[in-house]
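The values are calculated or read from the model by the stated rules, or taken from the named source; none is laboratory data. Source: prediction; values computed, not measured. Every residue, glycine among them, receives a Cβ derived from its backbone with ideal geometry; neighbour counts consider all protein chains shown. Surface accessibility is based on the protein's heavy atoms, side chains included, excluding ligands, DNA and RNA. Shrake-Rupley method; radii C 1.70, N 1.55, O 1.52, S 1.80 Å.
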Amino acid sequence: MENVTTARILVIEDEDRIRQFLQRGLAYEGYRVDPAADGRTGLDMARDNPPDLVLLDIMLPGIDGFEVCRRLRAASDVPILMLTAKESIEDRVTGLDAGADDYLTKPFSFDELLARVRALLRRAQPAKPQVYRFADLELDTGTRQGRRAGKTFDLTAKEYELLELFMRHPRQVLTRDVIFDRVWNYDFGGESNIIEVYVRYLRQKTEHDDLPRLIHTVRGIGYVLREE
Ligand code: CA
């Protein structure tokens, strides 16, 4: 598998237009995106679901970006890329003092943002690979391959994310909304059958040699990883 990323990026930005632009753009690039419209929400999300990188606007209602940055930095070494509306040396110095790793002035091009994001993620310590296990199914977060009954199989980026979601929540019914939110990050609309399609792909890969089904449909609700 080449260069597939599922880094989790927390976007703290109060301006809807920019936040949605970042969310869609980053999701399209394969990142998992958690959007927050204010600092308080962002800090809560960072605590509940530690991100791999934070995009942080300076001018925020309530707690401003500098303070959010200090609090994030007090709790972790997560890379922080600050966004600001104006090119100001003072903002830049204050941001770096508060513990930001890099700095981008609005308006910025999405390509430039992406380049900075990649550089920061590369610099950060890669997450320690681990192997999720459920019944005779395994998922290796390092090689991003699955394995069942001694047979290893490759996964596309979305198949991997979906299977990782199931492996992290065994025996728990995952609703369609939760799956959309965690794997696709945005709403495809009620008519979309993309989850069904990807569940079918995963079943094809995990049910080789007539192995019993592990990913079950819960009619009208969603799916669950469990043994029959
Ligand atoms: Ca703002």
The correct count of residues that are open to solvent by less than 10 Å² (accessible area, probe 1.4 Å), in a helix (DSSP H, G or I) and modelled with pLDDT under 85 in the stretch 61-112 is 1
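Arg17 - would you say it is loosely packed, with under 14 Cβ neighbours inside 10 Å, in a helix (DSSP H, G or I) and not assigned by TED's automatic domain parsing to the domain that holds Gly142?
Working: loosely packed, with under 14 Cβ neighbours inside 10 Å: yes; in a helix (DSSP H, G or I): yes; not assigned by TED's automatic domain parsing to the domain that holds Gly142: yes.
So Arg17 fits the description; yes.
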Of Val173, Val178, Val183, the only residue that is open to solvent by 40 Å² or more (accessible area, probe 1.4 Å), among the hydrophobic types (A, V, I, L, M, F, W, C) and under 17 Å from the mean Cα position of the chain (by Cα) is Val178
Of the listed residues (Val33, Val68), the one being aliphatic (A, V, I, L, M) and more than 13 Å from the ligand (Cβ to nearest atom) is Val33
Arg213: passes all of (1) assigned to a helix (DSSP H, G or I); (2) of a type in the set (D, E, K, R); (3) surrounded by fewer than 15 Cβ atoms within 10 Å (Cβ to Cβ); (4) modelled with pLDDT of 90 or more but (1)
Checked pairs for the stretch 1-14, first more than 22 Å from Glu164 (Cα to Cα), second modelled with pLDDT under 90, C-beta under 7 Å and 6 or more apart or across chains, list as none
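If a residue has to be assigned to a strand (DSSP E or B) and within 16 Å of the ligand (Cβ to nearest atom) to count, how many in the stretch 48-60 make the cut? Spell out how you get there, then give the answer.
Residues of the stretch 48-60 that are assigned to a strand (DSSP E or B), as a first pass: 53-57.
From the residues that got through so far, the ones that are within 16 Å of the ligand (Cβ to nearest atom) too are 54-57.
Qualifying residue count, the stretch 48-60: 4.
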- prompt: If you check Arg203 against the conditions, is it of a type in the set (Lys, Arg), within 22 Å of the chain's Cα centre (by Cα) and open to solvent by less than 70 Å² (accessible area, probe 1.4 Å)?
  reply: no
**Q.** Any chance Ile9 is under 15 Å from the mean Cα position of the chain (by Cα) and surrounded by 18 or more Cβ atoms within 10 Å (Cβ to Cβ)
**A.** yes
Notebook entry, point to check: Restricting attention to the stretch 131-153, does a residue exist that is within 30 Å of Ile80 (Cβ to Cβ) and open to solvent by 60 Å² or more (accessible area, probe 1.4 Å)?
Noted result: yes
